[in-house]
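One structure is given here, and the rest of the page talks about it.
The values are calculated or read from the model by the stated rules, or taken from the named source; none is laboratory data. In this text the structure is predicted, and so the values were computed from the model without any measurement. We place every Cβ from the backbone using ideal geometry, glycine too, and count neighbours over all the protein chains shown. Side chains included, ligands, DNA and RNA excluded: accessible areas come from the protein's heavy atoms. Shrake-Rupley method; radii C 1.70, N 1.55, O 1.52, S 1.80 Å.
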Amino acid sequence: MTANDQLIMDLLSNGGFLSGEQLDDVRTHMDEHGADIAEALTALQIMPEKQVLMLLASEYGMDTFDLTDYTIPEEVIKEIPPEVARRYKVLPLMRNEETLVVGMSDPTDLETLDSLRHILSIDIEPAVVSARQIGEALDNYYGSVDDSIETFLDEITEGVVETVGTSAADDMFADTTSTSEDDAPIIRLVSLVILEAFKNRASDIHLEPLEKRFRVRYRVDGVLHEVESPPRYLQNNILSRVKIMAKMDISEHRIPQDGRIQISAMGRELDLRVSDIPTTHGESIVMRILDKTSMLLGVAELGFMSDDQETITKIISMPEGLFLVTGPTGSGKTTSLYAFLNTINEPTTKIITVEDPVEYELPGINQVHVNANIGMTFAASLRAMMRQAPNIIMVGEIRDLETGNIAINAALTGHLVFSTLHTNDAPSAVTRLVDMGVKPFLVSSAVKAIMAQRLVRTICKSCAEEIEPESEHMLALHLPDDYFEGRKLLRGKGCAECNRGYRGRLGIFEIFVVEESTQELIYEGVSASRIRRHARSLGMRTMREDGLRKVANGITTLEEVVRVTASDEVEGEY
């Protein structure tokens, strides 16, 4: 019996809450079940756990805290490292200026409070939380102690795995699908792969059958990293499990399939968009992790410098016209469009989107999912949407002439239309529409602005150090030696908080506002290179130049700017 248990027992006994017989029953239950006193009192229906905690908190002048409907913010969880939280069995709850509120089940443990204040170098305000809730939350937010892919793979390959106990990974993917004991290790392994990807801030999980092995890779901040991979003989079992979770046809191995998995992990609601295609050595599956909380962004969070943010704010406030966002797959176009819609979403405005697929659900916005199998194409959806009297329309992508014409006509008839195109730079979007078959005079009248973008990794603030610009990168970017004179360039050394010196990504942008003189060039059907030169003469900043501004401000590195803009260089322009 702990000092905390004894204290509660004394308080209850002296306060007349427990009879002698009840005390004996409580002690017997604690001995037989290894329970603490709160669990024993609840199990014997003598006193609810909440009342016990309130009594204990009152004795020490503390507050109680119930985690049932409370989600601890990610930035608060990071205040206490996992090893410290587990060692002292405490949980960070909230941050109040210079004070960290910490949940603990034993308020008599003053030594733990002193240790936390010393380790964290911050004032600690304790709150009483049940031991049960703390244990569950530690697994939920920091992962189960034994949630390690490497450890679990060792157990599988040694053949010692039996039916596993419940952990955070198991709870994430519990479903009603009937499984046998033989399936349990595979279910748990797939759960661990996804959970570990989320912990590592991965955006994608790649399950790739190769000739002699089965490879697992995570894409973190836009770069793929190989992780500990299961043995090849588990390949088919793992792929089948993922297909079951994504509600795919597990008997079909010849054609591509798409599916979706919805989960709750570490206090966050996640969607996994699953793509399955047949390859030479088996089915290759990619799971894109869609974190719902990451999409509730505004324009300010996308990475615009102040002048560009002002320009974008003016563009998305236009009453009508077509605004295009361009870039390759994975360049953040959807994130930008959602941020724009979040910014202008008001009760007085009707917004409808048509997407393939709907990646995130936006509150207050009508979203339509494209389904070509039943004739619900982009064009068909757009035609129907026009009868809904929207103010603002978002088209996931303009892929063909029919969709392009409808979007253009909507922009010309009093609607603000957002959409995307796959082009390398902003001015090329004009000629792309013309190449599709849209009349140049319609393009010149409807298109008000085009933004091209890429994503660069940002320098980790925890390990940033000042460096001199490397000559090879200066040469690759055609920059003079004194280009960064008087500015401090930074680079991350690499630490426990980051991925080799980088943590997170933001955009670099090329914003092309269509002026009257530009409209005349588009109407004349001139080439993309001539439109680009004209836009540059009017002050359009390229993505590379925007990237260099962010290098000079210590946000990213020259290496990143070279990596993402190498294919976008126009001869003689930089």
inquiry  = Give me, ordered by chain and number, the residues 5 or more places off Leu290 or on other chains with an amide H under 5 Å from its own placed amide H.
reply    = Asp271, Leu272, Arg273
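For the chain, what does the accessible surface come to per residue with a 1.4 Å probe? Please give it in Å². Display every interim value, and only then the final one.
Values: 27770 Å² over 574 residues.
About 48 Å² of surface per residue is accessible.
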query = So what's the angle, to the nearest 10 degrees on a 0 to 90 scale, between helix 3-14 and the longest Cα principal axis of the chain?
reply = 60 degrees
Tilt relative to the chain, helix 184-199 - C-alpha long axis, 0 to 90 degrees, to 10 = 60 degrees
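Roughly speaking, to the nearest percent, how much of the chain's 1.4 Å accessible area is carbon and sulfur? Display every interim value, and only then the final one.
Details: 12940 of 27770 Å².
It is 47 percent, rounded to a whole number.
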inquiry  = Suppose a student asked you for the relative contact order of the range 405-478, using Cα pairs under 8 Å spaced at least 6 residues apart; what percent would you report?
reply    = 29 percent
Interchain or long-range residues, amide H under 5 Å from Ile398's placed H = Thr420
ask   = Cα centroid distance between the range 456-495 and the range 47-87, in Å?
value = 44 Å
key: Solvent-accessible ranking of Ser381, Ser275, largest area first, probe 1.4 Å   = Ser275, Ser381
task = Go through Lys212/Lys493; Lys333/Lys488; Lys199/Lys550; Lys314/Lys550 and tell me which ones have a Cα-Cα distance over 32 Å in this structure.
result = Lys212/Lys493
ask   = Quick one: helix 543-552 against the long Cα principal axis of the chain, what's the angle to the nearest 10°, folded into 0 to 90?
value = 50 degrees
task = Kindly report, to the nearest 10 Å², the accessible surface of Glu472 as traced by a 1.4 Å probe over protein heavy atoms only.
result = 120 Å²
key: Loop GluC sites (Glu not before Pro), the range 497-558, which have at most 16 other Cβ atoms in a 10 Å radius of their Cβ (DSSP)   = Glu497, Glu515
remark   = From most to least accessible, 1.4 Å probe, no ligand or DNA/RNA atoms counted, Met305, Met394, Met386 line up as Met386, Met305, Met394
